[in-house]
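J.: Have a look at this one before I ask anything.
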Amino acid sequence: MKGSVVKEVHEQPTDLELARRAAAGDAAAFEEIYRRHFRRVYALCLRMLGNPAEAEDLTQEVFLNLYNKIGTFRGESAFSTWLHRLTVNQVLMHLRRKSTRSEQTTEEGETPVQIVQGTEDPSRMPIIDRIALEKAIAQLPPGYRTVFVLHDIEGYDHDEIARMMGTSSGTSKSQLHKARLKLRNLIRQQAQEATHN
């Protein structure tokens with residue numbers, strides 16, 4: 001091995017290793033988990049809440065909750081999947097606490113009806129500018145925004161959403177349908193405002 005240079009290879013610890021170390025009280029391991037996952041957690045909170053200040057606060061709450069619960073992570077799924085579920089649940093609890101009316105009512109205060117057959121297909125939505133969509137999503141009422149993000153962006157099915165939100169599958173379908181209609185109207189308004197300016 002004359003003249004060869006031996007390089008030390010420092011492999012990054014896995015999320016599971018970090019979680020186990022953090023659960024044992026290793027603050028540096030928890031800081032690394034925070035660094036790795038902060039942006040993803042914040043982005044999810046922001047998409048669900050539509051408010052940057054609230055998303056920042058809730059991101060901190062998620063990591064406080066994670067600090068207390070990290071010992072319960074068993075490694076049966078990817079850490080990022082487990083943290084995603086923890087984040088969604090934290091946002092839903094926040095929305096329930098914040099809400100002054102029942103999650104099962106619409107913006108108009110009515111009890112939602114079943115979705116109209118044939119309108120649940122997201123491929124029928126027009127292709128639009130991503131910025132306009134993000135702006136429109138932020139303007140949705142919290143219940144509609146949550147269902148839209150969970151179903152159309154995060155990929156949960158209506159039964160999963162219903163369990164997370166403590167509602168029925170029909171309520172989830174109805175809120176998604178109404179969220180899509182409202183989004184279309186908001187995007188049309190944005191387009192009209194843009195052509196008049």
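Bear in mind these aren't lab numbers, they're just calculated from the coordinates by the rules spelled out. All values derive from a computational prediction rather than experimental measurement. FYI the Cβ positions are ideal-geometry reconstructions off the backbone, even for glycines, and counts take in every protein chain you see.
J.: Would you please put 52-61, 134-143, 65-74 in order of how densely packed they are, using the mean number of other Cβ atoms within 10 angstrom per residue and starting with the highest?
T.: 134-143, 52-61, 65-74
J.: Right, something else. Asp152 to Ala132: FRET efficiency via 1/(1 + (r/R0)^6), r the Cβ-Cβ distance, R0 22 Å, to the nearest 0.05?
T.: 0.90
J.: With a cut-off of 8 Å between alpha carbons and a minimum separation of six or more residues, what is the relative contact order of region 15-98 in percent?
T.: 33 percent
J.: Which order do peptides 155-164, 14-23 fall in by mean Cβ count within 10 Å, highest first?
T.: Per-residue Cβ counts within 10 Å, averaged per peptide and sorted highest first, yield 14-23, 155-164.
J.: Please report, in debye to the nearest 20, how large the charge dipole of region 15-98 is about its Cα centre when each Lys and Arg carries +1 at its beta carbon and each Asp and Glu carries -1 there.
T.: Around 280 debye, computed over region 15-98.
J.: May I ask you to order 179-186, 91-98 by the average number of other C-beta atoms within 10 Å around their residues, highest value first? Provide the component values of the computation, followed by the final result.
T.: Values: 179-186: 18.0, 91-98: 15.8.
Descending mean neighbour count gives 179-186, 91-98.
J.: Using a Förster distance of 35 angstrom, determine the FRET efficiency expected from the C-beta separation of Arg163 and Ala191, and round it to 0.05.
T.: 0.45
J.: Full extension from Ala78 to Leu64: what is 0.36 nm times the residue separation minus their Cα-Cα distance, to one decimal in nm?
T.: Values: separation 14, 0.36 × 14 = 5.04 nm, distance 1.98 nm.
Stretched fully, the Ala78-Leu64 segment lengthens by 3.1 nm.
J.: Cut-off is 10 Å between beta-carbons; in what order do Ser169, Ser77 appear when sorted fewest neighbours first?
T.: Ser77, Ser169
J.: With 10 angstrom as the radius, rank Phe148, Phe30 by how many other C-beta atoms surround their C-beta, starting from the fewest.
T.: Working: Phe148 24, Phe30 19.
Going from least to most buried by this count: Phe30, Phe148.
J.: Next up: Subtract the Cα-Cα distance of Arg85 and Ala27 from 0.36 nm times their separation in residues, and report this length gain in nm to one decimal. Walk me through the numbers before you get to the answer.
T.: Details: separation 58, 0.36 × 58 = 20.88 nm, distance 2.29 nm.
Contour length minus Cα-Cα distance gives 18.6 nm.
J.: Most exposed first by the Cβ proxy, i.e. fewest other Cβ within 10 Å, how do Thr87, Thr167, Thr195 rank?
T.: Values: Thr87 25, Thr167 20, Thr195 7.
So the residues, fewest neighbours to most, are Thr195, Thr167, Thr87.
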